[in-house]
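One structure below.
Every read-out reported here was derived from the displayed coordinates using simple, explicitly stated rules and does not represent laboratory data. Computed from a predicted model, the values in this text were never measured in an experiment. Cβ placement follows ideal geometry from the backbone for every residue including glycine, while neighbour counts extend to all protein chains displayed.
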């Protein structure tokens, strides 16, 4: 193990709430491994989430891809030895980011897929933003790893998206939010899902492993684990 961590470049959270938790988890992990006053060596590009949400709603993924790619290049120029896109939904622009940089992109979806396959599962529920659940980028990436993802049907899909963007992204946890998410999950388990992907960095605010009886794959936590391996291993 290294005695000092490699430098990581973080693209957002993308909300500041999840950014703080991501940074906290990385810093805690480095300190647990190295002790003393050690913490992560992080370069962070924190975003105005209103700008991101507006561009997503307008379907300007090309523009977001160009913006994230340019920011990743800036982090690399500042010394980042790997880049992290710190949101599931924004991995839609991962190809643009990866093509722009010369350092590794630590991929959240691959970190999640590795954990699913390690438990010999092949079908999981995917709960996340409407973009993550509707768009083929997530399910197609998982399919290349031999994993089938099941997303909620309407109106549950839109209700979950509204919970995330309307409340959780603002740091607000409405009364009954846990029960709402579990009710959305149940039909997917009946359809054959063997586990659940927490496919949004805000979902752990309301549902975690103790709340369900099947394996829970916290994409953010698994992403942090992958980042810690990169920055600490020889």
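Look at where the Cα atoms of the stretch 82-152 and of the stretch 60-75 average out, and the two centres are 18 Å apart. Could you tell me whether the chain comes out rounded, prolate or oblate from its Cα gyration tensor? Rule is a ≥ b ≥ c as square roots of the eigenvalues, rounded for a/c under 1.5, then prolate if a/b exceeds b/c, otherwise oblate. In terms of gyration-tensor shape, prolate. On the basis of the beta-carbon distance and an R0 of 45 Å, residue 230 and residue 182 show a calculated FRET efficiency of 0.85. Under the classification rounded if a/c is under 1.5, otherwise prolate if a/b is larger than b/c and oblate if not, where does the stretch 1-137 fall, given a ≥ b ≥ c as square roots of the Cα gyration tensor eigenvalues? Oblate, because a/c is 1.5 or more while a/b does not exceed b/c.
Given their separation in residues at 0.36 nm each and the Cα-Cα distance between them, residue 214 and residue 134 gain 26.5 nm when the chain is fully extended.
Placing a pseudo-label 7 Å from each Cα along the Cα-to-Cβ vector at residue 66 and residue 190 gives an inter-label distance of 4.7 nm. Residue ranges 164-172, 10-18 sort as 10-18, 164-172 when ordered by packing (mean number of other C-beta atoms within 10 Å per residue, highest first).
Compute the length gained on full extension between residue 3 and residue 28: take 0.36 nm times their separation in residues and subtract their Cα-Cα distance, giving the result in nm to one decimal. Net length gain for the segment: 7.5 nm. Relative to the longest principal axis of the C-alpha atoms of the chain, give the angle of the C-alpha long axis of helix 177-190, reported between 0 and 90° and rounded to the nearest 10°. Taking the Cα atoms of the chain, the angle to 177-190 is about 70 degrees. Between rounded, prolate and oblate, where does the stretch 169-234 land on the alpha carbon gyration tensor, with a ≥ b ≥ c its root eigenvalues, rounded for a/c under 1.5, else prolate if a/b exceeds b/c? Taking the square roots of the gyration eigenvalues as a ≥ b ≥ c, the stretch 169-234 is oblate. Annotation for residue 120 and residue 148: the two label points, set 7 Å from Cα along the Cα-Cβ direction, are 1.9 nm apart.
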